[in-house]
Structure formats: structure tokens, C-alpha cells
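The structure appears below as C-alpha cells.
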Amino acid sequence: MKLSWKIFSNTFLVVLFSLTLEGVVLLSMTFHKTYLLEVEREKESIENIHRELVTVLAYDSSTLYKEPMKSIEEAIDVLKDNWQGRSYRISDESGLVIFQSDDAEFSDREAGGLSPYRIKYSIEKKGDGYFLQMSVLAELLGESVIIETHKDLTQIFVEKEDQQKIFILTVIAVGILSALINAVNVIKLTKPIHKLIYAVKKIRSGDYTERVKYKEKDEVGILASDFNNMAEQLEEKIKLLKETAKKQEELAGSLAHEIRTPLTAMIGYADLIKRSKMEEEDFLYAVNYIISEGKRLEALSNRMMQLLIEKNAMPNYTNSTVQILLDDALEAMKPVFDKKNITVKKPSVDFPVRADLELMKNVLLNILDNGGKAAGMNGEITIEAGCKEGNVWISIKDNGIGMPKEEISKIREAFYRVDKSRSRAEGGAGLGLAICSNIMNIHKGEMLFDSEVGKGTTVTLIWKGIVDEQGV
Ligand code: ADP
């Protein structure tokens, strides 16, 4: 059963049930009150008749009647003017009517069924009418007589039936009205739930952009807003997953391409050696070529491993100083820089730093190497360092070829090179900055570039590497 039907039928049944119950209770209370009032009045009436008969039949000087009556008929004759408008009958013990005030249809009642002075009454339906017949067994002049009254109660029964009809019509009208209001409410209430179901179906089918529009602050509103938040996060995660998958695909493609060129050349030279008798000099050239391309492939494979491993590595933090860190990297770069006669200007400041020293040295080597390649013969590299708000920063500026601004956003991607042939000739595979970027990420830091074509490039490394007073 659908939720909307459950809410609708439950509310409708509760309204109908409570209305009917209240109506039935109210109607029967009103009817019983009127009915009991009539019964009480009739009881008083029958008691009056009996009392007055007893009075006139008794010899009592305190009454108006100085002489005691000799017969019941005589007493009735004296009293009947007092009882005008009442319907009554007086019979003897055997049921023989002594007197009847009018032609009311009394039902016969045996004296045996009555207890002395105990009023007995019943409602009888005759035709369309309802009549209250009241009887009492009394003793008059030493004889048992039955005094009976008869009252037409048709009016209060007709009123009851009229009220019942009005009540049924009211129940139908209120039922229809409540069904309408209920239906509108149920539709309003379940509409956002249907929207949620629709949105869930959409998301299940792969459309993560679907959202539920529902502004109310009720429980459904909270659910809709939580759902939207969840869908948003899911959409972002899926987007990220797709981007990662795309990047991996591109990486695999670039890697295949990088490998293919040296492999083709190596296979070509090896084939040449195999097929033809070569001069000693040519033979050595071919073998050297195969060795150098093999080394290039080996270096590429090492860099790839580095790229993959360092992406998710946990940095092994150690304390050192900025001077030690820089000296270590510059020492390794010395042969290269000397060969190109590159001047390096170091900062004079020194302060403690905290980093995975091996990985950070790797970053510095890559940046210095790129700077040296860009600056070329007699180039200049200026290094500055400092700390700000808990962060360490080291900037490495070269006066080299620089690069266009639009390239800066791409150079961190694996295998990306601004000048492919130049970079390749210098032994680069476009993996250095991708590796540096991963290392800075695991240090929760960043690597910023500022470059101008023909003027040079400044690379700034920033990470949370300040050592506090406790030395941590
Ligand atoms: P590669 O190993 O080819 O140097 P990198 O990832 O280290 O790869 O660098 C990517 C590219 O960014 C380089 O090929 C180069 O074109 C550009 N680049 C990096 N540093 C500099 C720099 N200091 N000056 C000019 N170009 C640079």
C-alpha cells in the first residue's frame, strides 16, 4: 500500500470514526434525557392520580371531601376534572376496566405481572407512533386495582429520527470535506517524497546533477537538504574519480609514447648491427646509442616509480636548517652548474626547518636543474628563504628563457614540457615537476611559479616546516 494511501485512509477513518462516535453519543444522550424527563413526568402523574384517589376515598377531615367516597367510580367522578388532558385507565385485578379517560389504545396488563406500588412502564410502537404506558398496582377500598397512564411519545422519536437524518447528512458532508482537505494535504506531503524518489532514480542511472527543490523546514525538508548535500558530495567524488581515471589514462598514453621513441631507435640500431657488417666506429656509435637510450628508459622507469610511490607516501619528518638543506642540494648540482659556469647566490639567513629531508632535497634538485637548464651558459640563480606564519618559503630564481604565463598551469602535469624537443635533448621526460608537486602535497605545502619569457622564472616552495620552541 502506498504511503499516500496509508496517510489518507488512516486520517479519513479517524475523522469519520470520531465524528460518528461523538454524534452517536450526543444523539443518544439528548434522546435519553428527553425520554427520561417524560418518564419522570408520567411517574409524577400516575402517583398524583393514585394519591388523589387514596385521599378522596379515605375519611379525612383535613381534605376538602368531608364524606368518604363509597366507590372508586364515585371518586373518579369527583377527581376527573383535575386530571383533564391526561390519558389514564383504572381496571380491577382481573383487568376489567373500571374507568378510561379517553380512547387511547392501552395494552392489556395482568395484575399478576405487577408488584404492589411498584411503577412499571414500557414503550410500545403502534403503527408510526410510540407510546409510553405506565402501570401501578394499588389498593383502593381494600381491592387491588391497576392504575395506568398512556402517553404519546411519537414526537420525541420523530425528533430523534430527524436528528439522525441531519447527523448522517453532516457525516457525509464532513466526510467529503475532510477527504478533500486530506487529499490535498497528502499530495502536498508526499510530493517532495516523490521528488526524492525521482532524484534517487536519476542518480542511480548515473545523472548526479539531480537535486530536490523543497524549501520547507520540516522533516521532509531536512531529508531533502541532506539528500542534496549527499548528491553534491557524490557528484564531486565522481567528478574527481573521472578526472583521476582520465589522468591515469593520459599518463599511460604519454608513458607508452615516451617509451616507444627510444625503443624504436634501439630496435633499429640493434637490427642494423645484426644484419650488416659495420665499421668499428659505426658499430661503437650504434652500441653507445643503444646504451644511452637504455639508460634514458631506465631513468624514466625510476622517475615513474618515484611519481607513483611518492604520491601517497607519508613524509618522514626530520629537523634540520635551511642552510644545510640548500647546501646539500647545491653540492649535488655543483658539477652541472660548474660545467655551465652558472653563478648561484645563496641566502644569508638560517633557521631550523622540518621536512622529509630526502624528498625536499629531491624537489630542490629538480627546481635547480630546471633553473640551470633554462639559464644556460653563464646563467645566474638566486636563492632566497624565510619564514612567515609557521610556513617556510624558499624561492629559486633564474635569469633563463622563462615561459609563457598560460603554460604555468600545465607544467606540473606528468610528461608535460613547454619545449618538447629542447627538454628531451636535455634528458628531461616532463616528470620532474609532477614528482615535486606530489612531494609538496604530502608536506601539505605548495609550489608557485612566476615567469616571464626571456627574463626568467621564480619558483617558490612553501610548506609548514617551522620548528617551534620545543624543537618539533
Ligand atoms: P623536465 O624533466 O622535462 O624538465 P619538468 O617537469 O621538470 O620536466 O618541467 C616541465 C617543463 O616545465 C619543462 O620541460 C620546461 O619546459 C618547463 N620549465 C620548468 N622549469 C622551468 C624554468 N625554470 N624555466 C623555464 N621553463 C621551465
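The values are calculated or read from the model by the stated rules, or taken from the named source; none is laboratory data. Being a predicted model, the structure only gives us computed values, none of them experimental. Every residue, glycine as well, gets a Cβ built from its backbone with ideal geometry; the counts of neighbours run over all protein chains shown. The accessibility values were calculated without ligands, DNA or RNA, using every heavy atom of the protein model including side chains. Shrake-Rupley method; radii C 1.70, N 1.55, O 1.52, S 1.80 Å.
The condition of being in contact with a helix residue (DSSP H, G or I) (Cβ under 9 Å, 6 or more places away or on another chain), part of a loop (DSSP other than H, G, I, E, B), β-branched (Val, Ile, Thr) and more than 9 Å from the ligand (Cβ to nearest atom) holds for VAL349. Residues that are over 19 Å from GLN155 (Cα atoms), open to solvent by less than 30 Å² (accessible area, probe 1.4 Å) and charged (D, E, K, R) within region 37-55 are absent altogether. The requirement of being over 30 Å from SER9 (Cβ atoms), open to solvent by 80 Å² or more (accessible area, probe 1.4 Å) and either over 60 Å from the mean Cα position of the chain (by Cα) or not charged (D, E, K, R) (or both) is not satisfied by GLU148. Residues of region 383-392 that are open to solvent by 40 Å² or more (accessible area, probe 1.4 Å) and under 16 Å from ASP327 (Cα atoms): GLU384 alone. Can ILE367 be described as open to solvent by less than 20 Å² (accessible area, probe 1.4 Å), among the aliphatic types (A, V, I, L, M) and away from the ligand (no atom under 11 Å from the Cβ)? It is false that ILE367 is open to solvent by less than 20 Å² (accessible area, probe 1.4 Å), among the aliphatic types (A, V, I, L, M) and away from the ligand (no atom under 11 Å from the Cβ). If the condition is being of a type in the set (Gly, Ala, Ser), touching a residue at least 24 places away in the same chain (Cβ under 8 Å) and closer than 30 Å to THR261 by Cβ, then region 375-422 contributes ALA375, GLY376, GLY379, GLY400, GLY402, ALA414. The set of residues in region 415-448 that are within 8 Å of the ligand (Cβ to nearest atom), open to solvent by 30 Å² or more (accessible area, probe 1.4 Å) and in contact with a Leu (Cβ under 9 Å, 6 or more places away or on another chain) contains only TYR416.
Among the residues of region 395-411, those identified as charged (D, E, K, R) and buried (at least 19 other Cβ atoms within 10 Å of the Cβ) are LYS397, ASP398.
For residues that are in contact with a strand residue (DSSP E or B) (Cβ under 7 Å, 6 or more places away or on another chain) and within 7 Å of the ligand (Cβ to nearest atom), scanning just region 387-410, find the one that is farthest from ASN312 (Cα to Cα). This residue is GLY400. Residues that are touching a Ser or Thr at 6+ places or on another chain (Cβ under 6 Å) and modelled with pLDDT of 85 or more were ranked within region 99-116; the one that is least open to solvent (accessible area, probe 1.4 Å) is ALA104.
Number of residues in region 300-314 that are in contact (Cβ under 8 Å) with a residue 24 or more places away in the chain, of a type in the set (A, V, I, L, M) and assigned to a helix (DSSP H, G or I) equals 3. Filtering region 298-328 to residues that are modelled with pLDDT of 80 or more, of a type outside the set (A, V, I, L, M, F, W, C) and out of contact with any Leu (no Cβ under 6 Å at 6 or more places or on another chain) leaves GLU298, SER301, ASN302, PRO315, ASN316, TYR317, ASN319, THR321, GLN323, ASP327, ASP328. Here is the figure for region 333-345: residues that are touching an Asp or Glu at 6+ places or on another chain (Cβ under 8 Å) and not β-branched (Val, Ile, Thr) total 2. The listed residues are TYR269, TYR317, and the only one of them that is in contact (Cβ under 8 Å) with a residue 12 or more places away in the chain, touching a strand residue (DSSP E or B) at 6+ places or on another chain (Cβ under 9 Å) and more than 20 Å from ARG412 (Cα to Cα) turns out to be TYR317. Checking region 131-140 against the condition returns no match, with no residue being open to solvent by 60 Å² or more (accessible area, probe 1.4 Å), more than 18 Å from GLU40 (Cα to Cα) and part of a loop (DSSP other than H, G, I, E, B).
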